[in-house]
Amino acid sequence: MTRAALKSGGTRETRTRRPWPTALAVVLLVIMAVGAAAGAGSGQAAERPLPPPAKPVPGLQAAAPPAQIAAGGGASSESDVALAMRPLAGPPRPPGPKPAIPRPTEAELIAAAGFQPDQVGYLVYDLDTGAYLGGHNATRAAFLPASVLKIPTTVAALAVLGPDHRFPTLVRFDGDRLGRDGLWTGTLALVGGGDPVLDSEALRALVGALKAAGLTRLEGRFVYDDSALVATPALEPSQPAEHAYNPGLSALSLDFNRIRVRWDGDRVRVVETHDTPPVAPVRLTRASDPAGWSRAGPPLRHAFPAPGTRDARGLVTEVWRLSPYAPERGAAWLPVKAPGPFVAAVFRALAAEAGITLPEPEPAPGPARGPIVARHFSPPLSAIAANGLKYSNNLLAELLGLATTARLDGRPHDLAGSAARLERWLAQTLPWVDWTGFRMANHSGLSPDSRASPEQVVALLRFAEDQGAALAPRTYDALLPPRRFPDSDATRLAAAVHAGDVTPRVWAKSGTMYHGRGLAGFARGASGHRLVFAVFTSDLAARRAFDAGYLHYAGGPVARARDALRRARDLEHALLLTWITRH
């Protein structure tokens, strides 16, 4: 066939010899070849774009086919895309746990509170398992316990005297009771038994018993006997004498040995408090000459007059002077420095209210004699101890300590001797404890000379808890006050601990003095276990400087000391939150 014939008749020949589907296939092949060439020239893929992948489901991810995994990866094929788009079987899994919130360590908390490492000590145990949970400077007896010292005092008193012990206050009469019209002739004695919570209602009850016994008038002597304990004019001589927390003590004490006074210009008077008549043999006058006084110094000064001093109102046992710089009008609680004559004067006034005439009181020349004609007993010691721990009353703690050592040795001690005797009792009763460095300068913690370690206090708390009902109706922790947590002024560090929904439950005794702070007791951990702990913060150098300069009325030093106490409370609560949430 010629080329012209081919050119003119080829198409006709094809159309007659090939069926139409074959021709269509040829045309499609040509088109695909042209498209592939064009795509190769432009560098773009010729395939139709793949559909978008299925929306991912949280927590799930499509796995590569086994062949692809075995080959080490590679581009996904159309079958891979189809697998990814296939609906997932089963419900979606829940999201994973949130990452833990970072919490500061104990060392970081101490630094953030602004204390040096050697100024802080603590120890914490799991009371249920006995496991040691943490400690820092735990064995160093180089901390000011302050009122935490009331823990060893109350533990010793409960162990030696017993939780059911009651303190007596007696009235004895030595003489003739057969006189007409209620006349008694002889010596009537008010005898103190060291009751720390004696009040005017108790004295009224004694007077009522005398009235019921027929007494209307005493011809003879009315004496007070406080020889059961060694009296002292101040709980701690280094503390300001004018502060109400530093009264005198004796076996006769009333209303925690303090009186309320008011002044208006030069007119000064004792006012009735707690139903106690304002008859204290105490005098308060305002000084008019500013010589020797300072605006920044103590507003009150105390002195004892000569024995037998009297004025128009009767016997005078104490004299106070009010600073000329004091406000024109005001009021204050005054500590009673000679409690014996004060209690006797109130008793005589209450007797007069009941129609009983008594002579002016005088000290007994020796132990009172004669039969008991009236008696009053205090609440049980366990209740007294609980109130003493709650309200941190210094006088109460000192009277408990003195009564304890008087029972141990059968004779009374002075404060220093009694505190030393109590130290020996602790060492004998808990011989497994290292008492090196432990010091009780008194029983209340009011002295800056006392020292304790976290380990010593925790050991004592564990011992007290182990004694159970031998010390308290239930356990010793039930005597400790529940702590408000956190304090409104101690939240900065505590807030950084992130306690979550844990509600802290803490029962503890705190101790506070300038440059010394402590907290010791029990807590309930997040696990439900009981924790026993002690935390102390002390700056001994700052405290020595404070006492050496008698800076109780110096604005700057007092402000700095209070700031340190605020930071110490904040640190205590942050540490407790850390232990409670962790355990």
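Each reported figure results from applying straightforward, stated rules to the coordinates on display, with no laboratory input. Quick caveat: nothing in here was measured; it's all calculated off a predicted structure. Cβ sites come from the backbone with ideal geometry, for glycine too, and all protein chains shown count toward neighbours.
Observations, loosely collected:
- Between the stretch 313-348 and the stretch 102-118, the alpha-carbon centres lie 47 Å apart.
- For Ala349, neighbours were defined as the other residues whose beta-carbon sits under 13 Å from its Cβ, and their charges (Lys and Arg +1, Asp and Glu -1) total -1.
- Quarter of the Cα convex hull surface for the stretch 450-583, i.e. its orientation-mean projected area (nm²): 9.3
- For the stretch 307-415, the Cβ-based charge dipole about the Cα centre amounts to some 140 debye (Lys, Arg positive; Asp, Glu negative; other atoms uncharged).
- Working from Cα pairs under 8 Å separated by at least six residues, relative contact order for the stretch 168-377 is 31 percent.
- Gain on full stretching of the segment that runs from Asp289 to Glu353 - 0.36 nm per residue minus C-alpha separation: 19.1 nm
- Every Cα-Cα pair in the stretch 166-236 was counted, and those over 16 Å apart are 55% of them.
- Antiparallel %, DSSP beta bridges [both residues in the stretch 168-377], to 5: 65
- Each Cα pair under 8 Å and six or more residues apart adds its separation to the average, and for the stretch 170-277 the resulting relative contact order is 26 percent.
- Here each label is just a point 7 Å from Cα along the line to Cβ, and for Asp414 and Ser238 those points are 1.7 nm apart.
- One decimal place: the segment Asp449-Arg262 gains 63.9 nm when fully extended, by the rule 0.36 nm per residue minus the C-alpha distance.
- Cβ-derived FRET efficiency at R0 51 Å, Ala142 paired with Arg505, nearest 0.05: 0.95
- Charge tally for Val271 (other residues, Cβ to Cβ under 10 Å; Lys, Arg +1; Asp, Glu -1): +2.
- Cα radius of gyration and Dmax for the stretch 212-285 (Å): 15.9, 48
- Length available on full extension from Thr436 to Thr185: 0.36 nm per residue minus the Cα-Cα distance, which gives 84.6 nm.
- Distance in nm between pseudo-label sites at Tyr550 and Gln467 (7 Å out along the Cβ direction from Cα): 4.0
- Using the Cβ-Cβ distance between Glu360 and Ala112 with R0 set to 60 Å, the FRET efficiency from 1/(1 + (r/R0)^6) comes to roughly 0.45.
- FRET efficiency for the Arg562 to Arg582 pair, using the beta carbon distance and R₀ = 25 Å, is estimated at 0.25.
- Other residues lying with their Cβ under 15 Å from the Cβ of Ala403 contribute a combined charge of -1, Lys and Arg counting +1, Asp and Glu -1.
- The stretch 112-248: antiparallel DSSP beta bridges as a percent of all, rounded to 5: 55
- Dipole size of the stretch 312-363 about its Cα centre, with +1 on Lys/Arg Cβ and -1 on Asp/Glu Cβ: approximately 160 debye, rounded to the nearest 20.
- Value of relative contact order over the stretch 317-446, rounded to a whole percent, pairs C-alpha under 8 Å and six or more apart: 16
- Dipole magnitude of the stretch 376-522, debye to nearest 20 (Cβ charges: Lys/Arg +1, Asp/Glu -1, about Cα centre): 160
- Distance between modelled label sites at Asp199 and Thr429, nm, 7 Å Cα→Cβ extension: 2.9
- Translational diffusion coefficient (Stokes-Einstein; Kirkwood radius from C-alpha pairs) of the stretch 168-377 at 4 °C, 1.567 mPa s, in µm²/s: 72
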